[in-house]
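As structure tokens, the structure follows; a few thoughts come after it.
The values are calculated or read from the model by the stated rules, or taken from the named source; none is laboratory data. Please read all numbers here as calculations on a predicted model, not as lab measurements. Please note: Cβ atoms are built from the backbone with ideal geometry, for glycine as well, and neighbour counts cover all protein chains shown. Just so you know, the surface numbers come from the protein's heavy atoms only, side chains and all, with ligands and any DNA or RNA stripped out. Shrake-Rupley method; radii C 1.70, N 1.55, O 1.52, S 1.80 Å.
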Amino acid sequence: MKKYILDLVVSENIQLNDNYVLLKMTAPTELPDMLPGQFAELEVEGSSKTFLRRPISINFIDKDNNEVWFLIQLVGDGTRHLAAVKRGQTINVILPLGNSFTMPENASERLLLVGGGVGTAPMLFLGEQLSKKGFTPNFLLGARSQNDLLQLNEFTQYGNVFTTTEDGSMGEKGYVTQHSLLSTQTFNKIYTCGPKPMMMAVAKYAKTNNIECEVSLENTMACGFGVCLCCVENTTEGHICVCKEGPVFNIKKLLWQI
């Protein structure tokens, strides 16, 4: 897909909790087409410690308002500067980057979308697109506590929502791979994004049960074009750049010990 360098205007900056904000951004002209699983590189201004753009998953596309949403986790100086932008300010963005999740072809397929932490971000856009195609996806979302489970109202618009929290404050206590859903229902395909240990556990479950599975890797993607080689992953095809060949991979292509 064609890539664009755009100056996007912040239409809303919503503080979801102490660690996350939701940035909604728009453009004076119609936003380009984007696919679930793709990401953008956001320029950070005003930070003396941040020299590179920050890779952020595309969280949602609001066609009616010509908005693209980005879920920002505050983990360092760069993301904290992004989280501090005000309505009306402009951020330079390169998008859309990377590949996308594979859409199922069989209308009867049972789909499970598993997200953990900020890895829930691409699951919302994917779920919305699946819903448009007539699927009713099952979302399995994990977090440390109830306060860290984000955008639940939005997720419930597009499918069935199941949750886990490590402290048991909402949903089932434990990790996503410990949820009873995995032992009581069967699925034809799993999509997942989140911390690598979580994705590896989900991938192991999928492999053990002979379920097709795609993961969205979160390797450090400094440039977004496969130039800086920061995000290299070892695969069945050798070492490849996640930002260019991914971030979405079928688990059969990854050399994970699962």
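Points to keep in mind about this one:
- In whole angstrom, segment 4-97 maps to an equivalent ellipsoid with semi-axes of 19, 14, 13, each derived as √(5λ) from the alpha carbon gyration tensor and ordered largest first.
- Helix 196-208 and the longest principal axis of the Cα set of the chain meet at an angle near 30°.
- Each Lys or Arg adds one and each Asp or Glu subtracts one; over the other residues with Cβ under 15 Å from the Cβ of residue 226, this totals -1.
- Under 5 Å from the amide H of residue 161 lie the amide H atoms of 139, each residue being 5 or more positions distant or on a separate chain, with H modelled from the backbone and absent for Pro and chain starts.
- Sorted largest first, extent of the chain alpha carbons per principal axis (Å): 49, 41, 34
- Debye-sum result for segment 170-229 in log10 I(q)/I(0), which assumes one identical scatterer on each alpha carbon, at q = 0.12, 0.21, 0.24 Å⁻¹: -0.38, -0.86, -1.02
- Whole-Hz ³J(HN,Hα) from phi, Karplus 6.51 cos²θ - 1.76 cosθ + 1.60, for segment 58-67, glycine and proline x: 6, 7, 5, 10, 9, 5, 4, 9, 6, 10
- Taking a Cβ cut-off of under 12 Å around residue 110, the surrounding Lys, Arg, Asp and Glu residues balance to a net charge of -1, with basic ones at +1 and acidic ones at -1.
- Amide H contacts under 5 Å for residue 110, placed H, 5+ residues apart: 188, 189
- Computed 3J(HN,Hα) for segment 241-246, one whole-Hz value per residue from the Karplus formula 6.51 cos²θ - 1.76 cosθ + 1.60 where θ = phi - 60°, is 7, 4, 5, 9, 8, x, glycine and proline marked x.
- Taking segment 111-216 and dividing mean pair separation by its residue count, relative contact order in percent (alpha carbons under 8 Å, at least six apart): 28
- Here the Karplus curve 6.51 cos²θ - 1.76 cosθ + 1.60, taken at θ = phi - 60°, turns the phi angles of segment 40-56 into couplings of 10, 10, 9, 6, 10, 9, x, 10, 6, 9, 10, 10, 10, 5, 10, x, 10 Hz, with x standing for Gly and Pro.
- FRET efficiency for residue 196 and residue 2, using Cβ-Cβ distance with R0 set to 35 Å, rounded to 0.05: 0.70
- For residue 144, residues with placed amide H under 5 Å, excluding near neighbours: 166
- Neighbour net charge for residue 50 - beta-carbon separation under 12 angstrom, K R +1, D E -1: +1
- Spacing of the two label points (7 Å from each Cα toward its C-beta) at residue 48 and residue 184, in nm: 5.6
- The listed residues 169, 145 rank as 169, 145 when sorted by accessible area, largest first, using a 1.4 Å probe.
- Pairwise Cα distances in segment 111-216 exceed 23 Å in 17 percent of cases.
- Alpha carbon convex hull of segment 23-153, volume per residue in cubic angstrom: 121
- Computed from the C-beta positions of residue 64 and residue 257, the FRET efficiency with R₀ = 41 Å rounds to 0.35.
- Part-to-part distance (alpha-carbon centres) for segment 112-149 and segment 1-55, which is given in Å: 20
- DSSP beta bridges in the chain [antiparallel fraction, %, rounded to 5]: 60
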